[in-house]
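Working notes, structure below.
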Ligand code: AHG
Ligand code: MN
Ligand code: MN
């Protein structure tokens with residue numbers, strides 16, 4: 001293999017060398033996540049095919065029951081991460097309580113929180129979906145099983161966050177607080193290869209991404225902001241272009257590369273919006289901020305919020321810095337146009 005190819009594994013090990021006190025636990029954890037991502041990627045690509053194969057009695061060619069992909073992705077993450085001795089517990093968007101490490105396996109010093117399959121309503125239409133993960137150091141006593149306290153840390157305590165997009169190719173993007181790096185899965189040899197080093201989000205948005213069918217349910221300040229981005233003004237590059245996939249990972253990934261703002265505001269139907277603080281908002285916030293952008297609940301930094309419960313929801317405004325700062329001004333009522 002050419003020495004110039006930077007695989008994800010090598011990148012993580014290079015990072016580890018920067019910290020003499022590192023034990024390799026984090027490197028092992030990332031390798032486990034990487035394995036799960038490859039497995040989910042493989043199954044996502046076969047989603048339509050599995051349906052066909054499972055048509056009669058929902059049993060696939062391996063004789064296993066065909067599962068909904070978000071259950072499959074959840075199980076894959078749990079089974080990839082439960083035995084390595086790197087975690088004290090985990091939590092998943094697909095499970096109500098925390099997920100303990102089975103007794104027979106050693107307990108580690110990290111916590112992993114994840115959304116195993118984001119955008120899963122899109123899967124049957126062949127639209128890209130993703131996996132989101134967030135890693136913290138545990139704050140409770142070592143050697144004992146982790147507790148919910150370990151899972152309810154504010155986002156600024158994250159030691160790593162990442163996502164995988166299962167799109168026209170599969171990409172893993174992650175940060176440990178030293179910039180944001182993107183790796184594309186080369187299916188020919190099954191490795192994630194560095195394709196997007198040091199990703200920076202443009203300061204100004206070209207795109208706005210929001211489910212505008214909720215317009216009537218937003219409060220006036222949010223309505224004013226959306227009216228503003230749609231109004232024509234050459235000097236300020238308006239109207240912004242509208243793009244909304246309905247898979248947050250894919251929407252934010254595109255905006256990260258092209259410059260954009262993604263919004264999921266509170267509404268009279270959903271007082272705290274739809275997206276989940278610890279599984280979705282915090283990891284995406286860490287990544288976008290590391291890329292030079294901003295993530296807010298409309299009033300301040302998402303990552304300062306201390307979570308009270310695992311499945312807590314939060315309004316989300318995330319993307320190019322200039323535009324997130326501006327939407328906060330609209331929300332404070334400091335501007336109307
Ligand atoms: P999930 O599939 O993990 O439940 O998340 C779906 C989320 C997110 O990906 C997306 O941005 C949002 O739901 C779309 O919601 P709307 O259909 O209300 O626009
Ligand atoms: Mn999701
Ligand atoms: Mn999900």
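Cβ-Cβ contacts under 8 Å between residues 6 or more apart (or on different chains), taken from a first residue in segment 117-128 that is farther than 13 Å from residue 94 by Cα to a second residue that is within 9 Å of ligand 3 (Cβ to nearest atom) and part of a loop (DSSP other than H, G, I, E, B), are listed as 127/119; 128/119. No other residue among 216, 251, 233 is without any contact (Cβ under 8 Å) to a residue 60 or more places away in the chain and within 16 Å of ligand 3 (Cβ to nearest atom) apart from 251. When the criteria are applied in full, residue 100 meets the requirement of being surrounded by fewer than 23 Cβ atoms within 10 Å (Cβ to Cβ) and either within 14 Å of ligand 3 (Cβ to nearest atom) or without any contact (Cβ under 8 Å) to a residue 60 or more places away in the chain (or both). The residue that is farthest from the chain's Cα centre (by Cα), among those in segment 122-168 that are assigned to a helix (DSSP H, G or I) and buried (at least 22 other Cβ atoms within 10 Å of the Cβ), is 150. Applying the criterion of being within 16 Å of ligand 1 (Cβ to nearest atom) and out of contact with any helix residue (DSSP H, G or I) (no Cβ under 6 Å at 6 or more places or on another chain) to the residues of segment 91-119, the residue that is farthest from residue 166 (Cα to Cα) is 96. Can you find even one residue in segment 312-327 that is crowded, with 21+ Cβ neighbours inside 10 Å, under 14 Å from the mean Cα position of the chain (by Cα) and touching a residue at least 60 places away in the same chain (Cβ under 8 Å)? Yes - at least one qualifying residue is present in segment 312-327. The residues of segment 182-205 that are surrounded by fewer than 24 Cβ atoms within 10 Å (Cβ to Cβ) and out of contact with any strand residue (DSSP E or B) (no Cβ under 6 Å at 6 or more places or on another chain), listed by number, are 187, 188, 189, 190, 198, 200, 202, 203, 204. Filtered by the rule that a residue be closer than 26 Å to residue 241 by Cβ and outside any strand (DSSP E or B), segment 189-209 gives 198, 199, 200, 201, 202, 203, 204, 205, 206.
Screening residue 311 on (1) under 19 Å from residue 133 (Cα atoms); (2) away from ligand 2 (no atom under 14 Å from the Cβ); (3) part of a loop (DSSP other than H, G, I, E, B) shows it passes everything except condition (2).
Taken together, the values in this text are just the output of simple stated rules run on the coordinates, not laboratory data. Small disclaimer: the values here were computed from a predicted structure and weren't measured. Backbone-built Cβ (ideal geometry, glycine too); neighbour counts: all protein chains shown.
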